[in-house]
Structure formats: C-alpha cells, structure tokens
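Report on the structure given below.
The values are calculated or read from the model by the stated rules, or taken from the named source; none is laboratory data. Source: prediction; values computed, not measured. Glycine also receives a Cβ, built like all others from the backbone with ideal geometry; neighbour counts cover every protein chain displayed.
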C-alpha cells in the first residue's frame, strides 16, 4: 500500500466534493477557490482581446470548465486511491491485476455509470471504496447538471431584464418623458416597479450563481451590466430632473435605487471598483424638447452629484466589462 498516494487521492476527492458543494449549494458563498481561479483566468484572457463578440464565449466556457474540473478532479482522486494498492483491482475473468489504463477505465465507469463487470474490487475494503466512488460520481454529476440548467435559466432572465430596460425608450430622458400623463410623471410607476422586481431577482442570482457574471453580451442593449447603468440614468432623471411634486411615487424610486445597490453588492469587488469619474450626467433633452416640466440643468446636476458613490461603481462595472460610456 502506497500511503502517500492514498492520502493525496483522498485529499483530491475531498477538494472536488468541497468545490462542488461550495459553488452549487452555498448560496451567497461565491464560487470555490479552484472555480474562482479558473473563471478569472478565462475572463482575463478573453477580455485582453477587447472584442465583445469574443467575450460572449466567456460565460459558456467558464461554465464548461467549471463543471468539467469537478468531474476530472474526482476522477483523478479516485484513480490515485485505487492505484495506491497494487492488488486493489483485478480482472473478473482472469484475476489478473489491473494496470494503469485499466484503473483509469474502472474509475471512470464507476463514477459515471453502474459499471460493466470487467474488473472487480479485490476485497471488502475496496468494494466499499467502489460504492463510495459511485455515490460521489452520481452526487457530483447530478449537482453539475442541475447547476448548468440553473445558470442558463438565470442568464436568460438577465437578458430579459436587459431587454425590458432598453425597451423602455431610446434614451433615459425619453423613458421619463413617456411617463408624462398630462399632470405628472406617474406613468413611470408601473414599468419601474416591474424592473425593480427583476433587479431583486437578479441580485440573488448573482449571489447564487457566481459564474453568471461572466456571461457577456455582444450588444449593450442585451447586456444586463449595461442595463444597470442605463437604469440608473433613468432613475436620476425621474428623481432629480423633474419637479418634486410631479415625480413618480417616491417608494418606487427608492425601491429601484435600493435594488441597484443590492446588485452591486452581490457582484465581486473586482468588478465594481469605483471609477475615478462617475457616470456622466444624463441629458434632459427629450423632456425639454417636448415642453414637459423639468428642473434647471444646475439643479439637476446638484441632485445627481448627491449619488456619486453608486455612479462611480456603476462606471467601474461598465469599464470592467469593456463597455465604457457606450453602455449607457
């Protein structure tokens, strides 16, 4: 018995299971260290090309590498465990001791199938080890498949959120202008309430599925990241660009602002490092052109300056995803 090889194998199996559980079942715990390191490396390599169409593959690639790494680590660990004892596996027909390729084969079909009987564990202890390996493989594969489906569903929801935000109007000012009903801007209440609900869901999805942050869109209008900045511009105009008595209900505006903050808090700090300058002050052009009520440019700029911290973080988020000001 090679005790050191056995020890290494047990450690690798434990690391693979811990990594899987950490990433898939620990809501709010972020990704495991191996998953996080692999994800960051893929993202940095693809982002270096500064090509949005190339960065689109980051999410699927990270997701594939993540789940495959769990299974491959498990395979390696159990191979080392069965390799640690020369007579742990024998051929069922000839009772010949299994070689390296035979052990790799045996561990693979034990982890991912019920086995085919070509090789047998030699002794009660190795029979128990085989059962444990089969259970670990089933457990990990089930979590990996469930995780894949959940992340893809969350990515679709994030794109739906982006589509709704960008579908409100061509510019933030046009969105607010569309809420004018002849007396006030209460027409904004319903769309903002709907968006706030989706934002709350999005923040929880980023916490539950850290890999979701790497799903990049080739167009700003389909990007949930760019949509966060666009939504903040809309809220800035709705909350500070129109006269106080004519604004949408304060409870709804506060709900959207709170949801935006929650999303920023759910993302890793490396993505939301505050930029040196905040988002640019949005234009009131569409409102003024239509003759709808609006505050002066000076008063509006003063109101926007009161929210600089969040707006610097949003600009930092845009920069981290390569959008710059094109994302708003």
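Numbers for the structure displayed
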item	result
In the range 282-328, the residues that are under 29 Å from the mean Cα position of the chain (by Cα) and not in a helix (DSSP H, G or I)	282, 307, 321, 322, 323, 328
Only one of 54, 76, 44, 71 that is closer than 21 Å to residue 149 by Cα, outside the structural domain of residue 320 (by TED's automatic domain parsing) and either in a helix (DSSP H, G or I) or touching a strand residue (DSSP E or B) at 6+ places or on another chain (Cβ under 7 Å) (or both)	71
Selected residue (only one of 197, 223, 186 is more than 24 Å from the chain's Cα centre (by Cα) and farther than 16 Å from residue 310 by Cβ)	186
Test: residue in the range 233-243 that is crowded, with 20+ Cβ neighbours inside 10 Å and not in a helix (DSSP H, G or I)	yes
Residue among 265, 273 that alone is in contact (Cβ under 8 Å) with a residue 24 or more places away in the chain, part of a helix (DSSP H, G or I) and surrounded by fewer than 20 Cβ atoms within 10 Å (Cβ to Cβ)	265
Any hit, the range 252-261, residues being under 30 Å from residue 40 (Cβ atoms), within 27 Å of the chain's Cα centre (by Cα) and surrounded by 20 or more Cβ atoms within 10 Å (Cβ to Cβ)	yes
Positions within the range 213-232 being surrounded by fewer than 22 Cβ atoms within 10 Å (Cβ to Cβ) and either without any contact (Cβ under 8 Å) to a residue 60 or more places away in the chain or assigned to a helix (DSSP H, G or I) (or both), in sequence order	220, 221, 222
Any hit, the range 85-98, residues being assigned by TED's automatic domain parsing to the domain that holds residue 142, surrounded by 14 or more Cβ atoms within 10 Å (Cβ to Cβ), at pLDDT 85 or above and under 18 Å from the mean Cα position of the chain (by Cα)	no
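Conditions (1) more than 30 Å from residue 221 (Cβ to Cβ); (2) touching a residue at least 12 places away in the same chain (Cβ under 8 Å), marked per residue:
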position	(1), (2)
11	yes, yes
17	yes, yes
41	no, no
53	no, yes
97	yes, no
